[in-house]
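The values are calculated or read from the model by the stated rules, or taken from the named source; none is laboratory data. Computed from a predicted model, the values in this text were never measured in an experiment. Here the Cβ positions follow ideal geometry from the backbone for every residue, glycine too, while neighbour counts run over all protein chains shown.
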Amino acid sequence: MLRDSAEWTSIKRARYCVGCERQFTDGETYGSMLFAGDEGLAREDYCTACWDGAAQSKRSSAISHWLGRFKAEPVMKKEEPIARSMAERLLRKYMDAREPAQVNFRFILALMMERKKRLIPRDRVTEAGTGTIMVVYELADTGETFLIEDPKLQLSQAREVQKQVKELLDLEQAAAAPPPAPDATNDATVEGTVDATAHEGVR
């Protein structure tokens, strides 16, 4: 089963090969396998030597497996916050969502991030019994695994959800923007803002 809440969270890519315990280097090819167990999903990452060796026998029991290229995470200065895109923050926020509208929202958001090359599609997994299709993604910067349900939207539905996603991203961007510095035209700006507010909701 893939539907327990714990299984919808992201799964980080390891920095070491689970087989030989050697640390991955920047640009190195690695192999990953995803397993479903009683306690949720588990991921194992291997160097190519172990992938072509001892790990081969385990692939048949994995629900998904793929090859990727290791990308070392940039070292952040201590005084700098860990910056994440608005889209990534929203995706993490909705990973545990269950309502159909939220599932649609999460899927379209993932597609938009895929087009921007922020998410890399690795596989599609069909859940036995329900037929639910899960898209296996990796976050381009960190290699984290995200399982995103494909709600099989019609084209008209996808367009409407995409519009909602863009609107929410714009709102998040506006909320995060620093306030403008006060200047001599402050009175005129306030008047314009009040006038615009009076017309909110009339589109």
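Here are a few things to note about the model shown:
- Close pairs from the stretch 60-82: first within 14 Å of Arg43 (Cα to Cα), partner assigned to a strand (DSSP E or B) and at pLDDT below 60, Cβ under 6 Å, at least 6 apart: none
- The stretch 102-137, residues that are over 24 Å from Gln164 (Cα atoms) and acidic (Asp, Glu): Asp123, Glu127
- Residue, farthest from Ala42 (Cα to Cα), within the stretch 143-159, restricted to residues that are out of contact with any helix residue (DSSP H, G or I) (no Cβ under 8 Å at 6 or more places or on another chain) and surrounded by 14 or more Cβ atoms within 10 Å (Cβ to Cβ): Gly143
- Filtering the stretch 93-140 to residues that are surrounded by 15 or more Cβ atoms within 10 Å (Cβ to Cβ), modelled with pLDDT of 90 or more and of a type in the set (D, E, K, R) leaves Arg106, Glu114, Arg118, Arg122, Asp123, Glu138.
- Count - residues of the stretch 131-176 that are without any contact (Cβ under 8 Å) to a residue 60 or more places away in the chain and either within 30 Å of Gly31 (Cβ to Cβ) or outside any helix (DSSP H, G or I) (or both): 11
- Selected residue (criterion: surrounded by the fewest Cβ atoms within 10 Å (Cβ to Cβ)) from residues of the stretch 31-77 that are of a type in the set (Lys, Arg), touching a Phe, Trp or Tyr at 6+ places or on another chain (Cβ under 9 Å) and closer than 17 Å to Gly143 by Cα: Arg69
- From the list Gly19, Gly27, the one residue that fits, being more than 30 Å from Glu160 (Cβ to Cβ), surrounded by fewer than 16 Cβ atoms within 10 Å (Cβ to Cβ), at pLDDT 85 or above and out of contact with any Pro (no Cβ under 9 Å at 6 or more places or on another chain), is Gly27.
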